[in-house]
Each structure stands twice: as structure tokens, then as C-alpha cells.
Amino acid sequence: MKPMMIATIAGEAGSAAAVWTYIAYLLISVALTVWVARTLHKNGRIFLVDCFLGNEALADSVNHLLVVGFYLINIGYVTLALKYGDKATDARTVLEILSTKVGLVLVVLGVMHFFNLFIFSKMRQRGLPKHPPVIPTAYQT
């Protein structure tokens, strides 16, 4: 009995296109996930420090935990989505499948980003004073 990957490559004529589509999809999607996570980690620190009222240690810790969760969710989605959709048979279907799958990954990345911003902006609003500070007027003599 041949291993599944070898049987697939040695099988149908279009199966090689399918395997190369999967490899390209994985490389592009994981690279995009890593790039977005690094960008958010680097540029999100200032926002998190503000959300946590200057507590830099807490902000850095949450920032790191967010990146780990970001990787887990996105790479998990990428690997699960690998199975679904049409199978590539020629160059046209390879491009169509890649654009659809990578487009969905980008949408998931964007939704996660805006969800995180929404949650942290709500946290920040709770940490801010409800009323502006009262500035005392000068004493009258």
C-alpha cells in the first residue's frame, strides 16, 4: 500500500496540480499570518499600554498572548480549510482556488483584528474617567 501523498501524486493527471495548490496555499497563508501577527504585535503595544493605563508589563504579556492565540486560530483555520473547495485540475483552477482560499484567510485575519480592537477599545473606555476632571477656579478675594 502506497502512502496517501505518493498515491495522490502518482494517480490522476490533475492531482499534481492539486498538491502544488495546497503547498502554495499553505505557504502564502502562513506567511500572511506571520506578517500580520508581527505587525500587530509591534504596533499594538502602544495601544495596549494605553488600554492598561500605563501598565507596560501587563500590556506586553497580553500582547504576547494575543499573538499566540492569533497564530493558533489562523493556522488552525488555514489547515482546516485546506480540505474544502474544488480540486485543482489546470492553471486556471489553481489560480481560482488559491485566490478564494487566500482571500478567505485575509477576511478571517481582518475580522480577528477588528474584533480585538473592539474589545480593547471597550476596555479602554471603562478605564477612562466618566466625567472630565474638575479644574478649580482661582480663589476670589
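Only the coordinates and a few stated rules stand behind these numbers; no lab work does. Keep in mind the model is a prediction, meaning the values are calculated, not measured. Backbone-built Cβ (ideal geometry, glycine too); neighbour counts: all protein chains shown.
In whole Hz and in residue order, list the ³J(HN,Hα) couplings for segment 108-120 that follow from phi through the Karplus curve 6.51 cos²θ - 1.76 cosθ + 1.60, θ = phi - 60°; x for Gly and Pro.
For segment 108-120, the Karplus-derived couplings read 4, 4, x, 5, 4, 4, 5, 5, 4, 4, 4, 4, 6 Hz, x marking Gly and Pro.
For segment 76-120, what is the Kirkwood hydrodynamic radius in Å, using each pair of distinct C-alpha atoms?
Answer for segment 76-120: a Kirkwood hydrodynamic radius of 11.8 Å.
Find the Rg to Rh ratio for segment 27-134, where Rh is the Kirkwood radius over alpha-carbon pairs and Rg uses the same atoms.
That ratio is 1.15, to two decimals.
Given points 7 Å out from each Cα along the Cα-Cβ axis, report the Ala81 to Thr39 separation in nanometres with one decimal.
If labels sit at Ala81 and Thr39, their model points lie 1.6 nm apart.
Once phi is turned into θ = phi - 60°, what whole-Hz ³J(HN,Hα) does the Karplus curve with 6.51, -1.76 and 1.60 give for every residue of segment 33-42, x standing for Gly and Pro?
These are the phi-based 3J(HN,Hα) values: 4, 5, 4, 5, 4, 5, 5, 5, 5, 5 Hz.
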